[in-house]
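Enquirer: Would you mind keeping the following structure in view while I ask a few things?
The values are calculated or read from the model by the stated rules, or taken from the named source; none is laboratory data. Source: prediction; values computed, not measured. Using ideal geometry, Cβ is built from the backbone for each residue, glycine included, and neighbour counts are taken over all protein chains shown.
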């Protein structure tokens, strides 16, 4: 009987060890899946600017907000300026870094972008950008983030630390100036580079440096929709793993 008891205990211990091994193996498998999933998300997600990103081949324009433009500088509370546009891009990149991102489709705009509310591990990215004072509530199209903007303004966060020109006024002003000297009043520059066919609107940080050679197939466009239809794309201002791309 003693022998049988010992054998029984040995069998039970062996079963426990096997179960423990299987559990550890399952945990390792899940960890590998998560790691692969995060790596896959990083490879298929590219921040374009402070309110636009590409996710799995789809370009999303964040619904209800308008972030500072890439080349825009904003006044600070000390009488100087700070690169609010670059800060907006950096903030969006930080929000999505190593996180699962999904976007709710709200339709599309004239440039073929999908308007969406996007979430990073459940956090409303659109809300976070406005709350951090790096984007305005785009009241012209939606009032979803008006309350969030009001709170950021009360706290004098980011763009609210000093009177700041909204992104849409910044674009309008740059457009009006560039339109005066552009051929036929069409100021968007369609450039061809190693990165492909890229168009630069007047508010692009690279606008002044970009030259258009019609002889080499480059073009001027009257609006962004026209450029997109012709096969040109907007620049990527997000940094990602390979640095600033345009």
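Enquirer: Can you name the condition, by its number, that residue 66 falls short on among (1) more than 23 Å from residue 205 (Cβ to Cβ); (2) in contact with a helix residue (DSSP H, G or I) (Cβ under 6 Å, 6 or more places away or on another chain); (3) outside any loop (DSSP other than H, G, I, E, B)?
Expert: Going through (1) more than 23 Å from residue 205 (Cβ to Cβ); (2) in contact with a helix residue (DSSP H, G or I) (Cβ under 6 Å, 6 or more places away or on another chain); (3) outside any loop (DSSP other than H, G, I, E, B) one by one, residue 66 breaks only (1).
Enquirer: Mind checking which residues of the range 135-157 are within 14 Å of residue 91 (Cα to Cα) and surrounded by fewer than 18 Cβ atoms within 10 Å (Cβ to Cβ)?
Expert: 157 - this is the single residue of the range 135-157 that is within 14 Å of residue 91 (Cα to Cα) and surrounded by fewer than 18 Cβ atoms within 10 Å (Cβ to Cβ).
Enquirer: Looking at the range 112-134, which of its residues are touching a helix residue (DSSP H, G or I) at 6+ places or on another chain (Cβ under 8 Å) and surrounded by fewer than 17 Cβ atoms within 10 Å (Cβ to Cβ)?
Expert: 112, 123
Enquirer: Collect the residues in the range 190-213 that are over 23 Å from the mean Cα position of the chain (by Cα) and not in a loop (DSSP other than H, G, I, E, B), keeping them in residue-number order.
Expert: Correct list: 192 only.
Enquirer: Follow-up. Checking residue 139 against (1) assigned to a loop (DSSP other than H, G, I, E, B); (2) modelled with pLDDT of 95 or more; (3) within 17 Å of residue 163 (Cα to Cα): exactly one of these is not met. Which one?
Expert: So residue 139 meets the others, but not (3).
Enquirer: Does residue 194 qualify as being crowded, with 16+ Cβ neighbours inside 10 Å, over 21 Å from residue 109 (Cα atoms) and at pLDDT below 95?
Expert: Against the criterion (crowded, with 16+ Cβ neighbours inside 10 Å, over 21 Å from residue 109 (Cα atoms) and at pLDDT below 95), residue 194 does not qualify.
Enquirer: So, of the residues in the range 214-228 that are assigned to a loop (DSSP other than H, G, I, E, B) and closer than 20 Å to residue 112 by Cα, which turns out to be modelled with the lowest pLDDT?
Expert: The selected residue is 223.
Enquirer: Hey, residue 166 hits all of (1) touching a residue at least 12 places away in the same chain (Cβ under 8 Å); (2) over 23 Å from residue 225 (Cα atoms) but one; which does it fall short on?
Expert: Going through the list (1) touching a residue at least 12 places away in the same chain (Cβ under 8 Å); (2) over 23 Å from residue 225 (Cα atoms), residue 166 breaks only (2).
Enquirer: Every residue in the range 81-136 that is farther than 16 Å from residue 46 by Cβ, assigned to a helix (DSSP H, G or I) and touching a strand residue (DSSP E or B) at 6+ places or on another chain (Cβ under 6 Å), please.
Expert: 84, 126, 129, 130
Enquirer: Still on this model: I need the full set of residues from the range 194-212 which are in contact (Cβ under 8 Å) with a residue 24 or more places away in the chain and out of contact with any strand residue (DSSP E or B) (no Cβ under 6 Å at 6 or more places or on another chain), in order please.
Expert: 195, 196, 197, 202, 203, 204, 205
Table: residues versus (1) touching a residue at least 12 places away in the same chain (Cβ under 8 Å); (2) more than 25 Å from the chain's Cα centre (by Cα).
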residue: 155; (1), (2): yes, no
residue: 175; (1), (2): yes, no
residue: 215; (1), (2): no, yes
residue: 219; (1), (2): yes, yes
residue: 224; (1), (2): yes, no
residue: 235; (1), (2): yes, no
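Enquirer: For residue 174, indicate whether it is outside the structural domain of residue 61 (by TED's automatic domain parsing), surrounded by fewer than 20 Cβ atoms within 10 Å (Cβ to Cβ), out of contact with any helix residue (DSSP H, G or I) (no Cβ under 6 Å at 6 or more places or on another chain) and part of a strand (DSSP E or B).
Expert: No: the conditions fail for residue 174.
Enquirer: Turning to a different aspect of this structure: Within the group 91, 131, 120, which residue is at pLDDT 95 or above, under 12 Å from the mean Cα position of the chain (by Cα) and farther than 27 Å from residue 200 by Cβ?
Expert: Criteria check complete, one pass: 120.
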